Structures are given as C-alpha cells and as structure tokens.
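Structure first, commentary second.
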Amino acid sequence: MFKPSSLVVLPALLAAAPALAFDCHATEYHSCVWDLGTVRVHFDAGIGSFDGDSQLNGTDGYVVGYTVGTNDFPALTAVDTAGGTQAGFSFAPPMLGVVGGSGFEGEHEAYADFYFAETWFEAAPGWRIDAIVFTVAGAATQAGDGYVYLDVPGAPVFSGQSFVASALRDPTTTYWSASFSAWAPYEEGEDGTAAVFGTAMARFDAVSIVALVSAVPEPGSAWLGLAGLAALTRRRRR
C-alpha cells in the first residue's frame, strides 16, 4: 500500500523544454536512431520497440491506456538540459484507471502498463553515460477496501494524490516498463448494506528516460595533464 508523503519535488527532467522533435520515423521491425547530440537513442525494433496493455476486469469502473499488439508508438519529446549533460526523451502516457463506487457486486480491477524493449542509449564521441534516470509521475487514491498497486521505478513520493517515482538505471539497460493496478471490491451484507466496499484510482501523467552524461577528456589533453604532473613531481624532488 502506498504511503503519501507531505512533500515532493518534481524533477526538472520532466519539466525540461524540448530541444528536438522526434524525427525517427520508425517503422515496424526497422531500427531507428534518434540523435540528441551528446547521446543517441536506439530503438532496435522501430515502432515495435514500444507496446502496452490496458484491461478492465469486472464491471464497475473504466480504464484508458495502450492496446496490446498495436505498436501505438507515443509522441516523444526530446530532453536536452544542462549543456547536453542530461539528454533523453519524455512523453505523456494516456493511462487512467478508476474502479468502485457504483455498488456492483464483485471485485473490479483496472490495469494498464507500457514498455520499451530493445531501446538503449549510446554516448556520442567525447562523452560517456554515467547513469540513466527513469522517472514516472502520476496520481493515485484509494478509499475503504480499495487498493492501488504501482509498479514504477523507485519508491513513489506523494504530495496529496500526486506522486513522482524515479530511479537510476545502468547505462546498458535496454528494457523500460511501468504499470498500475487499481482494485476495488463490493459485497452486500445480509442487512442490505455494503459489507465490503472501496474505490481506487491510478494514472500516469508523465514519463522521462534521461541519460546523465559527462565529457571524456581528449587523449591529448589527458597526456598533457599527466606530463604536467610528472614535471611538477620532478621539480619538487629537486
């Protein structure tokens, strides 16, 4: 069960101004490379690199999200901040699930997910990737016997209903995914009142996958630095 926190700071990565439009024009099964300057993002299966699912199990509620198998590739926005040292992409997933509250007998679940597979980052010459920040922002509520489960990067940090979940990933990561499940039951007692009752809601508002990049010294500069250090050592010995 999630535990709301009183304070949350929305990462600048999600609010970064776009630098480049997504212009990969990937087709199914054909790879695509998005050049962001300091990094290149590889979608090895083209639009087939992305997929998602959404399901309503029960009758009381609704869910919106991606349809499995359709390769409904999202509209990506480039993230390029801090002089190219934070570079990647973000998107706004149309994912919302609401269940409970109408008094329909049974258990009701709204589930939705998304994933990128065979999607990886490559540093441009002169740069290296130190880590990749995977962030999901959204909202969730639960009441009574309702329950929300969030499968997101890191532990979600709440401010009221809103949350941000973020975690560092290894630079070699190629698979990215997140999901939610909103569940609520209704069971009527012998006296005609609700013996078991709940409501739940979950949604994803924004997702970003951004590489933390640092410059690699040119071999000549590194050699000059070592030569200077050696000269200084010799002077000190004299």
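If the condition is being among the aliphatic types (A, V, I, L, M) and farther than 13 Å from ALA202 by Cα, then the stretch 148-163 contributes ALA155, VAL157. Given the structure, is GLU105 closer than 30 Å to PHE197 by Cα and surrounded by fewer than 20 Cβ atoms within 10 Å (Cβ to Cβ)? Here the answer is yes, as GLU105 does meet what is asked.
Take SER54 and decide whether it is buried (at least 17 other Cβ atoms within 10 Å of the Cβ) and within 20 Å of THR173 (Cα to Cα). Criteria not met by SER54.
Restricting to the stretch 57-91, count the residues that are in a loop (DSSP other than H, G, I, E, B), modelled with pLDDT of 95 or more and in contact with a Pro (Cβ under 8 Å, 6 or more places away or on another chain). Total meeting the criteria: 2. Pairs linking a residue in the stretch 57-75 that is more than 18 Å from ALA182 (Cβ to Cβ) to a residue that is among the aromatic types (Phe, Trp, Tyr), with Cβ atoms under 6 Å and 6 or more positions apart or on different chains, are ASP72/TYR66; PHE73/PHE50; PRO74/PHE91. Condition check: of a type outside the set (Val, Ile, Thr) and at pLDDT 95 or above. Does LEU168 satisfy that? Answer is yes for this residue.
Filtering the stretch 128-150 to residues that are among the aromatic types (Phe, Trp, Tyr) and either free of Cβ contacts under 8 Å to residues at least 12 places away in the same chain or within 13 Å of PRO171 (Cα to Cα) (or both) leaves only PHE134. For SER54, the conditions (1) of a type in the set (S, T, N, Q); (2) without any contact (Cβ under 8 Å) to a residue 24 or more places away in the chain; (3) in contact with a Phe, Trp or Tyr (Cβ under 8 Å, 6 or more places away or on another chain) are fulfilled apart from (2).
Looking only at the stretch 142-157, residues that are crowded, with 17+ Cβ neighbours inside 10 Å and either over 16 Å from the mean Cα position of the chain (by Cα) or under 14 Å from TYR111 (Cα atoms) (or both) come to 8 in all. Within the stretch 163-196, the set of residues being of a type in the set (Phe, Trp, Tyr) and buried (at least 19 other Cβ atoms within 10 Å of the Cβ) comprises PHE163, TRP176, PHE180, TRP183, TYR186. When SER54 is tested against (1) over 30 Å from VAL196 (Cβ atoms); (2) assigned to a strand (DSSP E or B), exactly one condition is not met: (1). What single numbered condition from (1) on the phi > 0 side of the Ramachandran plot; (2) part of a strand (DSSP E or B) fails to hold for GLY154? Here GLY154 meets the rest and fails (2). Name the residue that is nearest to VAL99 (Cα to Cα), counting only residues in the stretch 110-147 that are in contact with a helix residue (DSSP H, G or I) (Cβ under 8 Å, 6 or more places away or on another chain) and among the polar types (S, T, N, Q). Looking at the filtered set, the residue picked out is THR135.
Among residues of the stretch 164-186 that are under 21 Å from SER49 (Cβ atoms), those with a beta-carbon under 9 Å from a residue that is among the basic types (Lys, Arg) and surrounded by fewer than 21 Cβ atoms within 10 Å (Cβ to Cβ) at least six positions away or on a different chain give the pairs PRO171/ARG128; TRP176/ARG169. Of the residues PHE204, PHE158, PHE180, the single one that is farther than 30 Å from HIS42 by Cβ and either at pLDDT 95 or above or touching a Lys or Arg at 6+ places or on another chain (Cβ under 9 Å) (or both) is PHE158.
The values are calculated or read from the model by the stated rules, or taken from the named source; none is laboratory data. Everything numeric in this text was worked out from a predicted model, so none of it was measured. Neighbour counts run over all protein chains shown; Cβ positions are idealised from the backbone, glycine included.
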